[in-house]
Amino acid sequence: MKIPNKKHYCINNNDPEFSVLMSVYIKEKPEYLNVALSSVWDHQIVKPSQIVIVQDGPLSPGLISSIKKWSVLIGDRFTVVGLPKNLGLARALNIGLAHCRYDLVARMDTDDISLPERFLQQVQFMSNNPSIQILGSAAIEIDQSNIVTGMRVYPELHDKIISNLWACPIIHPSVMFRKPFVEGIGGYNSQLHRRQDYELWFRAYENGALFHNLRNPLIKYRYVEDTHRRQKPQDVLRFSLIGFRCSRRIGLPLWKQIGCFAMFLKSLLPVSLQYRCNLIMRKLDPRRS
């Protein structure tokens, strides 16, 4: 598919339609949400057939105002699903997924930025590779001021992704997946308050999913020091145990099983040291290629 010399490319009859799935809750920033929505609508070469945004509980006036503005701008392609109380990301995404009208679903977080060629490249790849159920991409890391702080380029091919599954080599907000497959294995685990994607990738693999990562960065992934403030060590220990048990179940080597506890050990450090530790360890990250 050749990129045309015009700002937007309309999906033709041979290209699959797709939904974008997002969830927002009260503590998120309206300015980030506006940039995220602009990136998936205004700036895409291929526009989504539908954007589903789940309001996970009551929202701030700023977030409500932003969503109303985009609802008017986008119209029928913008689906707002309101939840009376905060249910957590996993349950919110499962509810939102049920409202997605198309078999291809692109995940997007409300503080990240999709680059203009994202959906063009992902729709093309999924159309040409019907055996792939879950497609991720590389990402450009940015901070709270949108300054570039690094690059994440993870393994491209399925076998390499699976051998590094313990370290989560799929960037959740970069993913496009096939809705029938994800719903068929039960969707996101609603018992988990964080790391729902991590557990889903293991379960998807155990149910026969094929993975792929595009090497081109298709999103700007917001990674800031505040990311760690919401993670208590006891919660991180639970996430580590998920990785350990799943890694053991699929037969990864013992050192990879034990490696799942690295994020727990890091969580015991002060917040500022956790952030710095991640920056220092980038070159040692086994997911990066």
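The values are calculated or read from the model by the stated rules, or taken from the named source; none is laboratory data. Keep in mind that what you see is a predicted model, and the values were worked out from it rather than measured. Cβ atoms come from the backbone with ideal geometry, glycine included; neighbour counts cover every protein chain shown. Accessible surface is based on the protein model in full, side chains and every heavy atom, while ligands, DNA and RNA are left aside. Shrake-Rupley method; radii C 1.70, N 1.55, O 1.52, S 1.80 Å.
Local charge sum around Ala90 (other residues, Cβ-Cβ under 13 Å, Lys/Arg +1, Asp/Glu -1)?
+2
Angle check, please: helix 118-128 long axis (alpha carbons) against the longest principal axis of the chain (alpha carbons), in degrees 0 to 90, nearest 10.
Once rounded, the angle reads 80 degrees.
For the chain, just run the numbers: alpha carbon Rg, then divide by 2.2 N^0.38 Å, N being how many residues it has.
The reported ratio for this selection is 0.97.
Could you give the angle, 0 to 90 degrees to the nearest 10, between helix 61-74's Cα long axis and the longest principal axis of the Cα atoms of the chain?
Helix 61-74 and the main axis of the chain meet at about 50 degrees.
Just the accessible area per residue of the chain, please: how many Å² with a 1.4 Å probe?
Each residue of the chain exposes 46 Å² on average to a 1.4 Å probe.
Quick one: net charge of Gly62's neighbours, Cβ under 15 Å, K/R +1, D/E -1?
+1
Over its Cα atoms, what ratio of radius of gyration to 2.2 N^0.38 Å does the range 116-225 give?
Relative to the 2.2 N^0.38 Å estimate, the range 116-225 comes out at 1.06.
Please identify every one of the trypsin sites (Lys or Arg not before Pro) in the range 22-89 that sits in a loop by DSSP and has no more than 16 other beta carbons within 10 Å of its own beta carbon.
Lys27, Lys85
Which whole-number percent gives the relative contact order of the chain, counting Cα pairs below 8 Å spaced six or more residues apart?
The value is 20 percent.
Relative to the longest principal Cα axis of the chain, at what angle does helix 89-99 sit, 0 to 90 degrees, rounded to 10?
The angle comes out at about 30 degrees.
Greater than 28 Å separation of Cα atoms is the criterion. Which listed pairs, Lys47/Lys160; Lys47/Lys68; Lys27/Lys160; Lys85/Lys256; Lys27/Lys69; Lys85/Lys232, meet it?
Beyond 28 Å: Lys47/Lys160; Lys27/Lys160; Lys85/Lys256.
In the neighborhood of Val35, defined by Cβ-to-Cβ distances under 14 Å, what is the net charge if each Lys or Arg adds +1 and each Asp or Glu adds -1?
Here the charged neighbours net out to -3.
So if the hydrodynamic radius of the range 162-252 is defined as the Kirkwood radius over C-alpha pairs, what does Stokes-Einstein give as its diffusion coefficient at 4 °C and 1.567 mPa s, in µm² per second?
It diffuses with D of about 90 µm²/s by this estimate.
How far is it, in nm, from the label point at Asp103 to the one at Val224 when both lie 7 Å from their Cα along the line to the Cβ?
4.0
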